[in-house]
Structure formats: C-alpha cells, structure tokens
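Participant: Let me begin by handing over the structure; questions about it come next.
The values are calculated or read from the model by the stated rules, or taken from the named source; none is laboratory data. In this text, all values refer to a predicted model and were calculated from it rather than measured experimentally. Positions of Cβ are backbone-derived with ideal geometry, glycine not excepted, and every protein chain shown enters the neighbour counts.
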Amino acid sequence: MCAHAQGIQVGSVLTRENCFRSREPANDTSESSHDFYEAKMAEGLKIDPRTAYVMKSYAQVLDPYGIEHDLPGELQCIGSVYFARAPGSDDWVISSSSR
C-alpha cells in the first residue's frame, strides 16, 4: 500500500550515516546481533504508523542493517527496503512490510 494512502509522512532526508549511526560494530558473538535486533524491535514498537517517517533505500535484503559481515555470497542480494522512524527519533527501523 502506498505510504500516502496510509497517511504516513514521506520524504525525510536520510543518508547512510544517520540511518546506521546507532549500529554497533558486529562482534563474533551472536549475542551482540541478538541484542542489536532486540533494541531495534523495541524502537519499532514506539513508531506510530500515522505519524512515522518512511524512506526507501537499497540494502542487503537479508542484512539491511549491514551487521552480518559473514553473510555468504550466495545469500547476498541487494534490493529495495523500507525504513521507518518516529518523529523526533534518529533511529531508523526496517519496516516489516519490506521483509
């Protein structure tokens, strides 16, 4: 469904730096990835779809945040993904509709 049809504000300026700035460098432990995704899920619960900022970007479909540095070549695929954030927040979260 089109973002305008949902009443979502579109067009927030986004660069790769401010989209991923809250990302911690990936460690060799799955626990750090788990914590990262838990934090993103918690941030996603704060987003109201009626007031969210939404943007489309291109990223690894299976790793849109770029934290899984050991993703095998056969699983690497660039595609369009949607990120959303709450007004006043700098933390962009992958939209579940893009996965």
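Participant: I'd like the full set of residues that are within 13 Å of SER95 (Cβ to Cβ) and either of a type in the set (D, E, K, R) or touching a residue at least 24 places away in the same chain (Cβ under 8 Å) (or both), limited to the stretch 44-60.
Facilitator: The first filter runs over the stretch 44-60 and keeps only residues within 13 Å of SER95 (Cβ to Cβ), leaving 44, 47, 49, 52-57, 59.
Hits for the stretch 44-60 are GLY44, ILE47, PRO49, ALA52, TYR53, VAL54, MET55, LYS56, SER57.
Participant: Pairs only if they're at least six apart or on different chains, beta carbon under 8 angstrom, first in the stretch 66-77 and under 15 Å from ILE94 (Cβ atoms) and of a type in the set (D, E, K, R), second at pLDDT below 90 and assigned to a helix (DSSP H, G or I); list them, first residue then second.
Facilitator: Listed pairs, sorted by first residue: GLU68/SER33.
Participant: Just to be sure, is ASP48 at pLDDT 60 or above and more than 11 Å from the chain's Cα centre (by Cα)? Reasoning before the result, please.
Facilitator: On the way: at pLDDT 60 or above: yes; more than 11 Å from the chain's Cα centre (by Cα): yes.
So ASP48 fits the description; yes.
Participant: Shifting gears a bit: Quick one: is GLY88 surrounded by fewer than 17 Cβ atoms within 10 Å (Cβ to Cβ), more than 14 Å from the chain's Cα centre (by Cα), at positive phi and in a loop (DSSP other than H, G, I, E, B)? Outline the logic, then answer.
Facilitator: Values: surrounded by fewer than 17 Cβ atoms within 10 Å (Cβ to Cβ): yes; more than 14 Å from the chain's Cα centre (by Cα): yes; at positive phi: yes; in a loop (DSSP other than H, G, I, E, B): yes.
When the stated conditions are applied, GLY88 passes them.
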